[in-house]
Amino acid sequence: MKLSTDGLIIREQQTGEDDRLVTILTRDYGVLRAFVRGAKRIKSKSQSATQLFAYGKFSIYRGKDAYSIDEAQPIEIFFDLRNDIEALSLAQYFCELAGELAPVEDDADEYLKLVLNALHMLSKNKRSHAQLKAIVELRMMSLSGYMPDLVACGDCSEFSDGGMFFSPVEGQIFCGECVKDHTCIALPNGVLSAMRHICYVENAKLFSFTLPEESMSFLADVTEKFLLTQTAKKLKTLDFYKMMKG
Ligand SMILES: [Zn+2]
């Protein structure tokens, strides 16, 4: 059986002298792992389309117990990422997150759009690293069933933009009267609005918000805390990014 879809290579591993195993975030079938047989013999166009951060059209053969790539046509290869180790490590983190959170054998259109847009912004330096990190973390959490409830205080339903606390454990906000848990984080002005924006806004506006640099990096710390608390995952690429960031 043959599958035809577009996707982004989010991981590559050498498995033999001439074979590689790649993980692809595909639009129609979610995350799938496929062999690139005879990687050195495959046509050069297909070769470049099967390296890390390559986005392309794939024709994939589904064998009895493995997928393998028949043909690959590159659409965009995010070369610029390789010039900046910090950007590269952040891109690897986005890819690892997609590999962990995107569905398998199911439609992953929203995930693919999110990661492609983030890589584009990252490679062209169009948004700060903190902003892209916060967007990808919180939006992907929301897509994969961890959307926090940021509308009003979880206890008394007070609706306010200021003076609110976020609980990474409960995925809820609380007002100053109702907050009791020491794990709750006091959200500075603007950070709650930015979190609401990331969770609830339509795709076209996702990357269009601004915050002062300090608040943006606070936001990225909150979204990371939320992600790590909820998923309880150990993410090697996140540790690497933080090391590169210094
Ligand atoms: Zn309250």
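The values are calculated or read from the model by the stated rules, or taken from the named source; none is laboratory data. Predicted model, so just to flag it, every value in this text is computed and none were measured. Backbone-built Cβ (ideal geometry, glycine too); neighbour counts: all protein chains shown.
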(request) Kindly indicate whether Leu8 is at pLDDT 90 or above and either basic (Lys, Arg) or in a strand (DSSP E or B) (or both). (result) yes
(request) State which residue pairs qualify: first residue closer than 12 Å to Ser128 by Cα and inside region 209-238, second residue assigned to a helix (DSSP H, G or I) and polar (S, T, N, Q) in any location, beta carbons under 7 Å apart, and separation of 6 or more residues or different chains. (result) Met216/Gln131
(message) Within region 172-208, take every residue that is within 16 Å of the ligand (Cβ to nearest atom) and under 14 Å from Leu138 (Cα atoms) and give me the one that is surrounded by the most Cβ atoms within 10 Å (Cβ to Cβ).
(response) Leu192
(message) Could you go through region 156-171 and let me know if any residue there is in contact with a Ser or Thr (Cβ under 8 Å, 6 or more places away or on another chain), assigned to a helix (DSSP H, G or I), more than 10 Å from the ligand (Cβ to nearest atom) and closer than 25 Å to Pro103 by Cβ.
(response) no
(request) Would you check which residues across region 101-144 are over 14 Å from the mean Cα position of the chain (by Cα) and farther than 24 Å from Leu3 by Cβ and list them? (result) Ser123, Lys124, Asn125, Lys126, Arg127, Ser128
(message) So in region 210-245, with the set limited to residues that are assigned to a loop (DSSP other than H, G, I, E, B), at pLDDT 95 or above and surrounded by fewer than 19 Cβ atoms within 10 Å (Cβ to Cβ), which one is farthest from the chain's Cα centre (by Cα)?
(response) Pro212
(request) Sort out which residues of region 73-122 are in contact (Cβ under 8 Å) with a residue 60 or more places away in the chain, among the hydrophobic types (A, V, I, L, M, F, W, C) and part of a loop (DSSP other than H, G, I, E, B), and write them in order of number. (result) Ala102, Ala108
